[in-house]
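As structure tokens, the structure follows; a few thoughts come after it.
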């Protein structure tokens, strides 16, 4: 009888423990980041890779945007750009700025190479996104690259959840509505595409703004020169006519005598 009672108690305790574990598992708070579920307290690693098919990179300026209500920035790493200047602004506004320029050391991105890696802690339930936006990324001639592919990966507690997918491009108009001094914000002129790829078409160089004025001045000068020649020619013809008239008149007078 005692053994039956002991076994029954053990069985009940086991069921209670299993039930409590299931309830905790179901009730565990979680967040969804870029469509991936991540428990509160977990660590997210977000990285962006670049392939530049035709041009080496000597400079880049970009920013990342994240939701500070759901994510806390832990670290930033830009191994491909060892002297990059990074300003996470302590993550207060969810903006992470990065800038790098070194014309003496072009970086080969002909094969996929990491631009940057960010680590976050999930601090609250809800849905959020990690986005990016490139303002400039140029080659040795200070021309923005035009044939490229950008992908991203996302890990949760070291487990790969997203690999080589198109990253979410930040809506620059929305960003401008949220940042301070938006009128001074450098939007840049890099051709960001939501598909994460470049057009493959080299941009043409815009004509100099003073070209029309220069052409206009040249045209005016040419017109002035032509007018002067016309006037001189007219004077010469008139002079010849006068000489002919005087010669004819003189001849008539001689014949009359």
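The values are calculated or read from the model by the stated rules, or taken from the named source; none is laboratory data. Not measured: the values here are computed from a predicted model. Quick reminder, even Gly has a Cβ in these numbers, built from the backbone with ideal geometry, and neighbours come from all protein chains shown.
Structure summary
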read-out	value
Yes/no for residue 107 being under 14 Å from the mean Cα position of the chain (by Cα), more than 23 Å from residue 29 (Cα to Cα) and surrounded by 14 or more Cβ atoms within 10 Å (Cβ to Cβ)	no
Answer residue from the range 66-77, given it is touching a helix residue (DSSP H, G or I) at 6+ places or on another chain (Cβ under 9 Å) and surrounded by fewer than 22 Cβ atoms within 10 Å (Cβ to Cβ) and is farthest from residue 128 (Cα to Cα) among those	73
Breaking point among (1) assigned to a loop (DSSP other than H, G, I, E, B); (2) out of contact with any helix residue (DSSP H, G or I) (no Cβ under 8 Å at 6 or more places or on another chain); (3) closer than 16 Å to residue 61 by Cα, for residue 187	(2)
Filtered residues of the range 181-199 (kept if touching a residue at least 60 places away in the same chain (Cβ under 8 Å) and surrounded by fewer than 15 Cβ atoms within 10 Å (Cβ to Cβ))	186
Some residue of the range 82-92 being in contact (Cβ under 8 Å) with a residue 24 or more places away in the chain and either touching a helix residue (DSSP H, G or I) at 6+ places or on another chain (Cβ under 9 Å) or at positive phi (or both)	yes
Wholly within the range 42-152, strands (runs of 3 or more DSSP E) carrying at least 3 residues that are over 21 Å from residue 175 (Cβ atoms) and touching a strand residue (DSSP E or B) at 6+ places or on another chain (Cβ under 8 Å)	43-52, 71-77, 113-122
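Per-residue answers, yes or no, for (1) modelled with pLDDT of 95 or more; (2) farther than 30 Å from residue 54 by Cβ; (3) more than 13 Å from the chain's Cα centre (by Cα):
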residue	(1), (2), (3)
92	no, yes, yes
98	yes, no, no
129	yes, yes, yes
133	yes, no, no
169	yes, no, no
